[in-house]
């Protein structure tokens, strides 16, 4: 044979996997590449569309990558000790080469990741992408539940990272946050004690948060992320792919054989079946390499460039060292919890000597209800399968509207808490100057 | 040719990818530039030129380059001020402008910079390496550089005097600290005006006013600025309050001591220096660590306590009042001499001394309800003693009058 000497998957052209000459090479590029192997060989054109997914999941993943990469040097530099944490962060900020930039990248990536994951969730809800389509063995509803869990883990990751600089901002944001946790009936104070390792925020809290931030939660998120991606493959790709499959083929193509994928015996039964006619139709599909990988690169690298440039110009704040005796005015939770803090203040009503505990309503009942409702929604949503993978389908109009109203309320309350709350939690317009706060000298 | 699915996004996506690539390159240059663009690089170059001009190239080569810091392990201070202020220990630049000026050498002999660092005395943010962040004012960094311009903003006569606040963090128990004129003046005022009559300072004093031992710790938000005009700072509050207590706290019983501006400012500095700062033991070698009464003060008190006016000493009246007729001299003399109280109370309040002691008004109502609690029996004794003192006073006065014409 002429091809002896060339191992399978080895190609004469050096950049064959970046710019494949044929569908075969394109397929090989996916299969033989560790990084790319979770992609399908071919992808539906519709699922690559910018305007369908807005690529928010990829942006979140890119931010997670950036957080891991920027977190690693910080891990070498930050000292999780009450006496030294603040100084070590100051050193990162001022004397470590590129330290301020690394820290800013980490901080911005974290803040944007909270936003991106949230927006991803909003997108998935509005397009009904948690709904199963025509494929057999699909369990998109469970991937949605995984996604909700990932949002919570992301929030908690960000929150645990908040404390690590051990400055006033950190200390008091965590004070506000953990006080909300203590409003849980009966177990509240115990939960808070478990969370912060005592009754006051001190060294045990710092080391707990530090370990959660750098080991437990990233590990958990990594595991969930891998499962999330795997499920997307098992569920036959994005929900819009099902939709494309359900529609009549745009071009006359001969009906192909039905393919059944099995999973080395790991999964029971047969995997999801996808009608080969749509997947293999040249008009509706593209090779993952390079069309999908290029877009993934644009999104990933674009996210990195954006965060990087932003981090050069906007430095991360570092307030005074944590001081349990001096409460900053106003003391705010991290911004993504401010809608809760806002609800807590708005539902704390004093009627005579009787006080309605706002922390219970705003901090426990409402977020708990929202999370449970959100996780259970795929089972409550009775709209037809055809509504999956489309923006604003008629059959899901009411639930989308209600969902958008809740999102809007959260955003408005977050905005009010972030920009309109000043000293003594008073209301100020964003452009209105706060009363001058006194200083020492 | 094998089968090739068309790649419909190629053209536009490649252009977008190119733009992203350019953005990445730009960001790389941006953060490289931001790393290079620090003031200290310029100042170090300039200082080296100056050394070269003055002492020759050979000396200039010994000027260290790169970020410099003084690490004070006892205080956990890393003071990077010397990255720009390289002239600190270089003699010969006394007249240069900052940051090229030599530090006054005398103070450095007793407080070497290598041991004490910079911010322990000067304040400011030692961590920072750029002037704006190091000198302040910086949001969230409430230890501003105690500079002359800050002193000027308070119209201090000696603009640099604010530094003495940090001197006094270690030297708080000194009766007098060399070079800290304002703080010394303030300490004398604390003794002369009898602040301890009402306030605990360094662990001893009265309980009418708040304990001032660590009042410098009090957060700026804890003062009421509603009646203060001008700067809203703890320091400004103290200056105004010391000058006219009632103007800021209408219900206060703290008297107006008619302090001059300089006196009020000095006292404010002293008060602000009373902080719970951890001072390493090695920094305090030779400095007193408690503030007891001097043997002379103790002796004088003992003598008065055993004399005819001993009752007034034991009850504590003497803290504010002298009873000159009985040989009791108050260290503070805030209140009137009690030798003539029998007459004085009548003319001031239109009430007899018995009546006044039973239901005192004004400052005395605060003192007799909070600091000196007397039973009705003790009050009767007090009236008795005051009558005796008045009789003694009249006797002395008569004797004086008799003696006076004789002398003439």
*Considering (1) surrounded by fewer than 23 Cβ atoms within 10 Å (Cβ to Cβ); (2) closer than 21 Å to residue A:216 by Cα, say which one residue A:174 fails and leave the rest.*
(1)
*Is it the case that residue B:30 is under 56 Å from the mean Cα position of the chain (by Cα) and under 30 Å from residue A:42 (Cα atoms)?*
no
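One line per residue, one yes/no per condition, for (1) under 27 Å from residue B:122 (Cα atoms); (2) modelled with pLDDT of 90 or more:
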| residue | (1), (2) |
| --- | --- |
| B:17 | no, yes |
| B:41 | yes, yes |
| B:44 | yes, yes |
| B:60 | no, yes |
| B:64 | yes, yes |
| B:72 | yes, yes |
| B:77 | yes, no |
| B:87 | yes, yes |
| B:92 | yes, yes |
*Which helices (runs of 4 or more DSSP H) does the stretch A:278-393 wholly contain that include 2 or more residues that are away from chain B (no Cβ under 14 Å)?*
A:338-347, A:366-380
*Kindly indicate whether residue A:79 is touching a helix residue (DSSP H, G or I) at 6+ places or on another chain (Cβ under 6 Å), without any contact (Cβ under 8 Å) to a residue 12 or more places away in the chain and farther than 30 Å from residue A:391 by Cα.*
yes
_Criterion violated by residue B:280 - all others in (1) touching a strand residue (DSSP E or B) at 6+ places or on another chain (Cβ under 6 Å); (2) outside the structural domain of residue B:389 (by TED's automatic domain parsing) satisfied_ = (1)
*Any residue in the stretch B:124-134 that is touching a residue at least 60 places away in the same chain (Cβ under 8 Å), assigned by TED's automatic domain parsing to the domain that holds residue B:72, surrounded by fewer than 20 Cβ atoms within 10 Å (Cβ to Cβ) and over 17 Å from the mean Cα position of the chain (by Cα)?*
yes
*Which condition breaks for residue B:155 when tested against (1) within 14 Å of the chain's Cα centre (by Cα); (2) part of a loop (DSSP other than H, G, I, E, B); (3) over 30 Å from residue B:40 (Cα atoms)?*
(1)
*Within the stretch B:236-291, can you find the residues that are out of contact with any helix residue (DSSP H, G or I) (no Cβ under 7 Å at 6 or more places or on another chain), outside any helix (DSSP H, G or I) and within 30 Å of residue A:83 (Cα to Cα)?*
B:278, B:280, B:285, B:286, B:288, B:289, B:290
*asked:* Being within 19 Å of residue A:106 (Cβ to Cβ), touching a residue at least 60 places away in the same chain (Cβ under 8 Å) and outside any helix (DSSP H, G or I) narrows it down to one residue among A:165, A:185; which is it?
replied: A:165
*Which fully enclosed helices (runs of 4 or more DSSP H) of the stretch B:1-114 have 1 or more residues being exposed (fewer than 14 other Cβ atoms within 10 Å of the Cβ) and within 14 Å of another protein chain (Cβ to nearest Cβ)?*
B:10-36
*Sole exception among (1) in a loop (DSSP other than H, G, I, E, B); (2) at pLDDT 90 or above; (3) closer than 27 Å to residue B:321 by Cα for residue B:175, by number*: (2)
*Determine whether the stretch A:380-399 contains at least one residue that is free of Cβ contacts under 8 Å to residues at least 24 places away in the same chain, surrounded by fewer than 14 Cβ atoms within 10 Å (Cβ to Cβ), under 26 Å from residue A:155 (Cβ atoms) and touching a helix residue (DSSP H, G or I) at 6+ places or on another chain (Cβ under 9 Å).*
yes
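The values are calculated or read from the model by the stated rules, or taken from the named source; none is laboratory data. In this text, all values refer to a predicted model and were calculated from it rather than measured experimentally. Backbone-built Cβ (ideal geometry, glycine too); neighbour counts: all protein chains shown.
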